[in-house]
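Here the structure is laid out as structure tokens; the discussion comes afterwards.
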Amino acid sequence: MIPLQDDSRSSSKPYVTVGLIALCFAVFLWQSSLDAQAARRAVDALGAIPAAVFGVARLPPDLVWVPRYVPVLTAMFLHASWMHLLGNVLFLWIFGASVEDYMGPMRFLAFYLCSGIAAFLAQGLATPDSAYPIIGASGAISGVLGAYFVTFPRARVLTLVVLPFFFTTMRVPAMLLLLLWFLVQLVSHFAGHDGGVAFLAHIGGFLTGIVLAPGFKRRAGGVAAL
């Protein structure tokens, strides 16, 4: 099931959502411009490696591009492939605009970053000695999905349903769609079918979004100051 469009109406332009998407594309284009060795070094230097972040191990001096904790943020804008990028930005575009409208732009940006940090902690604390970089926007976007789940319970999402030799579209309640998505993350994690995917980050981000969303609601009168 691939979401295509939600039916909630935003009262403001999703400038932060668009900006985050544009930044992800810009960073990936930069990654793509590098040769294979340089691209790998960029991921090692700017991706969030649990062992390096938690001080279990140290990066070689030539890979220390930023202070120790900064990769938790920079990792959110790195992606491993075009499919990785496009899948993430599709979900951010569909669900991010409404959540940004609910929170206001600056609160939404803070919420997005907090969700990404929490998602890394969920994955990283489970494997604190891991030397593999965690990259991608999916942890932060999972927070956006969690926020949408609790703030737009009656919304419906136009969804592409793909089956063998058949596909169609249907409008699915957002709560059902996102609940199914979350269950897939849970089952995939506990079944051990990670395939290089940080399912714990998705789970942690989603739950963080559910918990934090009410506290990030736009203030009365439309003022969205932090």
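For the stretch 101-130, the tally of residues that are within 14 Å of the chain's Cα centre (by Cα) and either surrounded by fewer than 18 Cβ atoms within 10 Å (Cβ to Cβ) or over 16 Å from G205 (Cβ atoms) (or both) stands at 3.
Checked across the stretch 75-89, the condition of being modelled with pLDDT of 95 or more, in contact with a Phe, Trp or Tyr (Cβ under 6 Å, 6 or more places away or on another chain) and not in a helix (DSSP H, G or I) holds for at least one residue.
The rows are residues; the columns are (1) small (G, A, S); (2) within 30 Å of T159 (Cβ to Cβ).
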position: A38; (1), (2): yes, no
position: V43; (1), (2): no, no
position: L63; (1), (2): no, no
position: L78; (1), (2): no, yes
position: M83; (1), (2): no, yes
position: F95; (1), (2): no, yes
position: V99; (1), (2): no, yes
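Scanning the stretch 126-161 for residues that are among the aliphatic types (A, V, I, L, M) and within 21 Å of V43 (Cβ to Cβ) yields a count of 7. Scanning the stretch 146-195 for residues that are in contact (Cβ under 8 Å) with a residue 40 or more places away in the chain and small (G, A, S) yields G146, A147, A155, A174.
When each of D44, D62, D101 is tested for being farther than 28 Å from L180 by Cβ, charged (D, E, K, R), part of a helix (DSSP H, G or I) and in contact (Cβ under 8 Å) with a residue 40 or more places away in the chain, the lone residue that passes is D44. Identify all residues within the stretch 149-189 that are surrounded by fewer than 11 Cβ atoms within 10 Å (Cβ to Cβ) and in a helix (DSSP H, G or I); write none if there are none. Within the stretch 149-189, just L183 meets the criteria. The set of residues in the stretch 76-91 being touching a Leu at 6+ places or on another chain (Cβ under 9 Å), closer than 13 Å to A140 by Cβ and surrounded by fewer than 24 Cβ atoms within 10 Å (Cβ to Cβ) consists of F77, V89, F91.
Assess whether G192 counts as being modelled with pLDDT under 95, on the phi > 0 side of the Ramachandran plot and either crowded, with 18+ Cβ neighbours inside 10 Å or part of a loop (DSSP other than H, G, I, E, B) (or both). In short, yes. All of P3, P50 fail the test of being surrounded by 14 or more Cβ atoms within 10 Å (Cβ to Cβ), in contact with a Ser or Thr (Cβ under 7 Å, 6 or more places away or on another chain) and modelled with pLDDT of 95 or more, apart from P50.
The values are calculated or read from the model by the stated rules, or taken from the named source; none is laboratory data. Nothing here was measured: the structure is a model prediction, and the numbers come from that model. Using ideal geometry, Cβ is built from the backbone for each residue, glycine included, and neighbour counts are taken over all protein chains shown.
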